[in-house]
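Working notes for the structure below.
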Amino acid sequence: MTVLYIDADACPVKAEAERVATRNKVPMKLVCNGGLRPPANPLVELVIVAEGADEADKWIADNAGPGDVVVTSDMPLAARCVENGARVLRHNGEQLTQANIGAQLAMRDLMADIRAADPFTQGSGKGFTKADRSRFLDALEGEIRGAQKDT
């Protein structure tokens with residue numbers, strides 16, 4: 001059975017993911033350290049993990065596998081989930097796979113090094129747009145349907 005896992009602490013597309021999960025009758029798990037209101041939707045479960053760095057990521061990586069879909073922008077978590085056989089999407093709809101996760105991890109590390117060398121270096125400044133939200137909805141729909149065929 002396909003399960004949709006959401007790295008929920010800073011996820012801007014929780015509501016959109018819930019709509020897609022409900023439409024496809026897929027259980028969804030919002031995984032976080034707390035601070036979220038329990039959802040009324042019976043298909044959506046709020047999983048609160050222990051406080052601590054990366055506890056939600058560890059929980060998702062330990063539970064997601066083939067036939068599941070994970071939504072995260074955390075590259076180390078994405079890499080672990082891809083390795084475990086799960087389908088992974090970023091919040092902007094970008095699919096993360098064996099073919100591109102290495103480059104994503106390298107870019108993450110490079111940017112961390114640049115920020116460490118020059119603390120005044122700013123991020124890209126690119127905000128989350130309606131186009132990103134729309135791309136995410138389309139991509140999630142496709143990933144869930146693909147994952148359901150896999151199981």
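The values are calculated or read from the model by the stated rules, or taken from the named source; none is laboratory data. Just so you know, these numbers come straight off a predicted model, no measurement behind them. Glycine gets a Cβ as well: all are built from the backbone with ideal geometry, and neighbour counts include every protein chain shown.
A few comments on the model shown:
- Identity of the residue in segment 134-151, of a type in the set (D, E, K, R) and more than 13 Å from ALA21 (Cβ to Cβ), that ends up surrounded by the fewest Cβ atoms within 10 Å (Cβ to Cβ): LYS149
For (1) hydroxyl-bearing (Ser, Thr, Tyr); (2) more than 20 Å from ILE101 (Cα to Cα); (3) touching a Cys at 6+ places or on another chain (Cβ under 8 Å); (4) surrounded by 20 or more Cβ atoms within 10 Å (Cβ to Cβ), each residue gets a yes or a no:
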residue: ASP54; (1), (2), (3), (4): no, no, no, no
residue: ASP57; (1), (2), (3), (4): no, no, no, yes
residue: ASP62; (1), (2), (3), (4): no, no, no, no
residue: PRO66; (1), (2), (3), (4): no, no, no, no
residue: VAL71; (1), (2), (3), (4): no, no, yes, yes
residue: LEU77; (1), (2), (3), (4): no, no, no, yes
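- Residues located in segment 107-133, provided they are loosely packed, with under 13 Cβ neighbours inside 10 Å and modelled with pLDDT of 85 or more: THR129, LYS130, ALA131
- The single condition among (1) exposed (fewer than 15 other Cβ atoms within 10 Å of the Cβ); (2) in a helix (DSSP H, G or I) that ALA10 does not satisfy is (2).
- Check on ALA15, in a helix (DSSP H, G or I) and crowded, with 17+ Cβ neighbours inside 10 Å: no
- Residue selected from segment 58-79 under the condition of a type in the set (Asp, Glu) and at pLDDT 95 or above, by the criterion farthest from LYS29 (Cα to Cα): ASP62
- Complete set of residues in segment 51-81 that are more than 12 Å from the chain's Cα centre (by Cα) and outside any helix (DSSP H, G or I): GLU51, GLY52, ALA53, ASP54, GLY65, PRO66, GLY67
- Annotation: of all residues in segment 26-39 being at pLDDT 95 or above and assigned to a loop (DSSP other than H, G, I, E, B), the one that is surrounded by the fewest Cβ atoms within 10 Å (Cβ to Cβ) is PRO27.
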